[in-house]
Amino acid sequence: MTDAAARPRNWGLLFIAVCLLAANMRMTITGVGPLLEQIAADRGVAPAALGGLASVPLIAWALVSPLAHGLSVRFGLARTVTWSLVALAAGTVWRSLPGSDVNLWLGTALIGAALAIGNVLLPVVIRRDFSARVPTVMGIYTALLGGIGALAAGLVVPISHAELGGGELGWRVALLTSGALIPVALVAWLAATRGEPAPAPHEAIPRAALPAVGGSREGNRAGRAGGRIWRDPVAWTVALYQGSQAMLFYMLATWLAPIQVSQGSTAVAAGLDVMLYQLVSILGSLSLPLVFRGRSRRWIPAVLPIIIAGTFATVVLHPGADLAWVLLGGFGSGASLSLSMLFMAIRAPSSEVASALSGMAQSIGYLIAATGPALFGWLAATSGGWIVPLWLVLAVGAVQLVAGILLGRERMVFGGRA
């Protein structure tokens with residue numbers, strides 16, 4: 001099955017479906033943090049005992065992402081995404097069921113596994129079906145990831161305190177409402193991909209989908225991309241770029257407020273800065289199609305980590321730094337996320353290879369990212385200040401910078417130039 005053969009016909013409906021899918025990629029997990037104290041009080045445990053709940057989706061992403069490519073090859077891209085949405089809905093309901101704590105933890109794990117499939121395959125859908133507008137659609141996609149996720153985080157607490165029938169709705173209903181858009185996205189996706197055939201086993205990845213190596217196509221048979229991708233240097237560069245940008249984002253989002261509070265800022269003001277940091281990242285994502293063009297394609301990947309790490313350094317070294325620095329860092333983080341997702345699409349010679357690359361890069365990337373906030377906190381605790389953790393931020397920024405320089409050369413996975 002070639003790229004063209006798999007493409008749905010209704011591009012407008014497909015775009016709407018992709019936007020709705022993007023809206024669901026973060027809503028179900030960003031609402032957990034603001035509700036941790038309520039959940040802990042209801043379960044009779046300390047909030048610290050539930051701290052690992054926020055890490056469950058990241059671990060699931062790292063473990064399940066490599067499986068997404070094989071599932072899409074076997075069952076087809078459309079069907080795999082469809083069933084991931086069904087699993088996402090099931091996990092959202094399971095997590096909110098009363099009873100044992102097992103429901104909360106296993107429901108969250110199922111949500112993470114379902115989101116891992118979507119995280120991997122939606123960039124592939126964009127690469128396959130919007131090939132003429134990949135940067136624009138990818139920018140909108142990543143902007144919705146951050147924007148709707150931030151909106152969900154801000155709404156779950158008011159929903160939990162809303163009164164109905166003489167009592168508050170509570171955290172279970174609040175978390176359940178975070179999946180309100182899943183049925184809408186499922187209907188739109190089914191309508192947009194209706195009639196798309198599942199691939200026959202022998203034609204999942206045709207020989208022509210991958211470039212010849214050493215003058216022969218013998219090594220490019222169906223199903224080989226998933227294994228070969230782990231040995232490709234360009235794929236590892238994309239994975240390092242994805243992992244380092246995600247690690248920088250999670251460190252900033254987690255520790256920006258504590259740093260500012262330790263410097264004399266109020267908790268309210270610090271929290272507002274974090275909110276603005278994440279909101280401005282949406283503008284960064286949307287701006288990528290405007291700046292990632294022409295000659296800037298070579299240097300933008302390397303400039304973004306300089307902006308982000310520079311923002312962190314300014315906040316640490318100059319207490320009370322102007323809000324403009326925080327906004328600049330948020331802008332850079334949003335553009336960096338969008339670009340890392342874009343590389344998974346444009347550095348692959350076909351949608352089948354993009355699927356393998358996306359799974360590999362996101363698996364490695366989220367393994368790297370999951371270590372960031374905890375390692376930063378450990379360094380801060382052992383050193384008694386923010387200077388030593390700042391060196392970690394600068395080191396991660398340097399890794400992303402080097403990866404950005406290499407990706408600016410526009411080399412493709414499995415050889416060739418973009």
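For segment 228-407, the relative contact order is 42 percent, taking Cα pairs closer than 8 Å that sit 6 or more residues apart in sequence and dividing their mean separation by the residue count.
Each Cα pair under 8 Å and six or more residues apart adds its separation to the average, and for segment 236-339 the resulting relative contact order is 38 percent. Computed from these coordinates, which is volume of the Cα convex hull per residue in Å³: [x] 140; [y] 131; [z] 157? Comparing each candidate, only [x] matches the computed number.
Screening the chain for whole DSSP H helices with an alpha carbon extent of at least 24 angstrom along the helix axis and a mean Kyte-Doolittle hydropathy of at least -0.5 yields 11-30, 56-75, 77-96, 101-129, 134-161, 233-262, 267-291, 296-317, 323-346, 351-383, 387-407. About its Cα centre, segment 283-418 has a charge dipole of approximately 540 debye under the convention of +1 per Lys or Arg Cβ and -1 per Asp or Glu Cβ, with nothing else charged. Dipole of segment 228-407 computed with +1 at Lys/Arg Cβ and -1 at Asp/Glu Cβ about the Cα centre; of Met247, Trp236, Gly334, farthest Cα towards the positive end is Trp236. Placing a pseudo-label 7 Å from each Cα along the Cα-to-Cβ vector at Ala398 and Leu283 gives an inter-label distance of 3.2 nm. A Gaussian network model of the chain, with springs between Cα atoms under 10 Å, assigns the largest mean-square fluctuation among Ala150, Ala113, Ala348 to Ala150. With the simple model of a label 7 Å out from the Cα in the direction of the Cβ, Val157 to Ser100 spans 3.3 nm. Mean-square fluctuations from a GNM of the chain, with a 10 angstrom spring cutoff on Cα atoms, peak among Arg228, Arg194, Arg172 at Arg194.
Based on Cα contacts under 8 Å between residues 6+ apart, the chain shows a relative contact order of 25 percent.
Read-outs throughout are calculated quantities, based only on the coordinates presented, and are distinct from any laboratory measurement. These figures come from a predicted structure and were not determined experimentally. Please note: Cβ atoms are built from the backbone with ideal geometry, for glycine as well, and neighbour counts cover all protein chains shown.
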